[in-house]
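Taken together, the values in this text are just the output of simple stated rules run on the coordinates, not laboratory data. Just so you know, these numbers come straight off a predicted model, no measurement behind them. Glycine also receives a Cβ, built like all others from the backbone with ideal geometry; neighbour counts cover every protein chain displayed.
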Amino acid sequence: MKSNGIGVRYYCILCNIAFGDVSGKDIGSHGVCIECLADYINKKKISKGFTPCFGMLNQGVVCDSCRYRKFCEEYYRKE
């Protein structure tokens with residue numbers, strides 16, 4: 001992950017590992033790493049009454065309107 005062309009190191013709010021440009025500038029930024037992302041998003045979906053489906057890409061209409069699609073695609077490229 002780059003911000004304005006500068007490599008930035010992020011820390012996962014769930015597992016606390018560094019991700020992004022781990023040799024980049026440490027500005028104390030946080031987020032959710034790709035390893036924790038599926039579980040995090042599925043728990044959010046369940047809490048809002050939706051079916052947990054993150055990690056099951058290409059489900060037709062469901063994926064077309066999903067706000068997490070780009071993250072799901074990144075998760076699939078990882079594997």
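Remarks
- Computed lengthening from Ile46 to Cys63, 0.36 nm per intervening residue step minus Cα-Cα distance: 4.5 nm
- Pairwise FRET efficiency - Leu14 versus Met56, Cβ, R0 = 22 Å, nearest 0.05: 0.60
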